[in-house]
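In what follows, a structure is listed as structure tokens, so that the remarks can point back to it.
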Amino acid sequence: TMINILSLKHTFYQRDNNCCRIMTNLIDNPYLDQLIQVYPKEGFTHCLRNEGSKKHYSFWIQDIILRNRINNTAKKNVANIWFNFAEFILSKDYIDCLSESTKVNLKEMEINISFYKFEKGDWVSPHIDNSDKILTQIFYFNDFWSRDWGGYFNLLGSKHVHDVHFSVPPLVTFSVLIFRTDCSWHMVTPVTDISKASRLSVQIEFIK
């Protein structure tokens with residue numbers, strides 16, 4: 001299989017105030033190498049919000065699945081293996097396994113799957129997710145990333161940027177699960193001007 005279901009099943013999740021868990025090595029080789037090699041280069045839309053009371057951000061996005069349906073406009077930019085990846089995420093086996101592991105019933109949820117690309121200066125401010133987003137899973141696709149480049153996922157204890165519980169670099173070995181609660185504050189630190197690569201990830205959202 002493309003994703004190591006056995007590893008996912010044996011991961012223990014404790015629901016606590018952190019509301020977030022890190023997993024490692026979920027995608028099996030050689031699929032991982034293939035996915036990295038054909039991560040899309042075209043078709044992204046820039047999203048920017050730097051004022052108002054809601055979260056602020058700058059990043060590039062390309063949807064592959066919207067509300068459980070293939071985004072047909074992505075087909076010209078996205079390699080077939082990525083649609084195989086999306087199909088596996090949407091499969092009963094994966095949904096059942098993730099539901100069992102997280103103790104969250106995901107079987108009636110709608111699913112969005114999107115590519116996210118962060119370039120120099122891109123970031124996401126501290127926030128908690130909207131109430132309809134029950135669970136988010138993020139896979140990272142950089143095979144090298146320097147700490148000096150920024151772009152870390154930070155789990156926070158509050159809305160304050162320095163209240164960091166832990167940080168995750170966007171490396172292929174990591175996947176992050178975020179449970180939506182009123183205390184699940186998180187952010188992406190700004191990608192610095194000395195970064196020599198784009199920060200690449202795929203985000204899966206389970207929507208009520």
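The values are calculated or read from the model by the stated rules, or taken from the named source; none is laboratory data. Predicted model only: the values in this text are computed from it and were never measured. FYI the Cβ positions are ideal-geometry reconstructions off the backbone, even for glycines, and counts take in every protein chain you see. SASA here: full protein model, heavy atoms, side chains in, ligands and nucleic acids out. Shrake-Rupley method; radii C 1.70, N 1.55, O 1.52, S 1.80 Å.
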Restricting attention to the stretch 118-142, the residues that are of a type in the set (D, E, K, R) and touching a Cys at 6+ places or on another chain (Cβ under 8 Å) number exactly 0
Taking Thr45 as the residue in question, decide whether it is open to solvent by 60 Å² or more (accessible area, probe 1.4 Å), under 27 Å from Met187 (Cβ atoms) and at pLDDT 95 or above.
-> yes
Restricting the stretch 125-149 to residues that are more than 26 Å from Thr102 (Cα to Cα) and among the charged types (D, E, K, R), the one nearest to the chain's Cα centre (by Cα) turns out to be Asp143
Select from the stretch 74-121 the residues that are within 25 Å of Val188 (Cα to Cα) and either part of a strand (DSSP E or B) or among the acidic types (Asp, Glu) (or both) and list them in ascending order.
-> Glu110, Ile111, Asn112, Ile113, Ser114, Phe115, Tyr116, Lys117, Phe118, Glu119
Within the stretch 172-208, the residues that are open to solvent by 40 Å² or more (accessible area, probe 1.4 Å) and not in a loop (DSSP other than H, G, I, E, B) are Phe174
Considering residues of the stretch 1-33 that are open to solvent by 100 Å² or more (accessible area, probe 1.4 Å) and within 16 Å of Phe179 (Cα to Cα) only, the residue modelled with the highest pLDDT = Asn17
For residues that are β-branched (Val, Ile, Thr) and surrounded by fewer than 17 Cβ atoms within 10 Å (Cβ to Cβ), scanning just the stretch 146-171, find the one that is modelled with the highest pLDDT.
-> Val161
Residue hits (the stretch 65-77; surrounded by 15 or more Cβ atoms within 10 Å (Cβ to Cβ) and without any contact (Cβ under 8 Å) to a residue 40 or more places away in the chain) are Ile70, Asn71, Ala74, Asn77
Only residues that are without any contact (Cβ under 8 Å) to a residue 12 or more places away in the chain and in a loop (DSSP other than H, G, I, E, B): list them for the stretch 18-40, please.
-> Asn29, Pro30
First in the stretch 181-198 and under 22 Å from Ile22 (Cβ atoms), second anywhere and of a type in the set (D, E, K, R) and surrounded by fewer than 16 Cβ atoms within 10 Å (Cβ to Cβ), Cβ under 6 Å, 6 or more apart | Trp185/Lys159
Across (1) under 28 Å from Lys41 (Cβ atoms); (2) open to solvent by less than 40 Å² (accessible area, probe 1.4 Å); (3) without any contact (Cβ under 8 Å) to a residue 40 or more places away in the chain, Val124 clears everything bar (3)
